[in-house]
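Here's the structure we're looking at; comments come further down.
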Amino acid sequence: MPFIEVKIFEERLTPETEAALLTELSGAVGRTLGPDAEASTWVVLHGAPARRWAVSGEVQGRVSS
């Protein structure tokens, strides 16, 4: 059973992008490992506000004052 976890800026998730990510990630498993693997693939999206992310020490969602 493949299990995929995605951590992403919450602000990037809309109902449409959530559905597309879930479908496409499961589909990628199916194209790579076969339909049986796709049928048992779990995908979980973890959204967090950008202000809680930093890349190279730079807060991504900092509000400028």
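The values are calculated or read from the model by the stated rules, or taken from the named source; none is laboratory data. Just so it is clear, the structure is predicted and the values come from calculations on it, not from any experiment. Don't worry about glycine lacking a Cβ; one is built from the backbone with ideal geometry, like all the others, and counts go over all protein chains shown. Just so you know, the surface numbers come from the protein's heavy atoms only, side chains and all, with ligands and any DNA or RNA stripped out. Shrake-Rupley method; radii C 1.70, N 1.55, O 1.52, S 1.80 Å.
List of remarks:
- Candidate set from the range 8-25 (those that are outside any helix (DSSP H, G or I) and in contact with a Gly (Cβ under 8 Å, 6 or more places away or on another chain)); member that is most open to solvent (accessible area, probe 1.4 Å): 9
- Odd one out for residue 12 among (1) among the basic types (Lys, Arg); (2) at pLDDT 95 or above; (3) under 10 Å from the mean Cα position of the chain (by Cα): (2)
- When the range 26-38 is filtered for residues that are open to solvent by less than 50 Å² (accessible area, probe 1.4 Å) and hydrophobic (A, V, I, L, M, F, W, C), the ones remaining, listed by number, are 28, 29, 37.
- Candidates are the residues of the range 39-65 that are over 15 Å from the mean Cα position of the chain (by Cα) and open to solvent by less than 100 Å² (accessible area, probe 1.4 Å); the one that is modelled with the lowest pLDDT is 61.
- Condition met for residue 45 (in a helix (DSSP H, G or I) and in contact with a strand residue (DSSP E or B) (Cβ under 6 Å, 6 or more places away or on another chain)): no
- Pair list, Cβ < 8 Å and 6+ apart or interchain, from the range 41-60 residues that are over 18 Å from residue 21 (Cβ atoms) to residues that are surrounded by fewer than 13 Cβ atoms within 10 Å (Cβ to Cβ) and of a type in the set (A, V, I, L, M): 51/59; 51/63; 60/54
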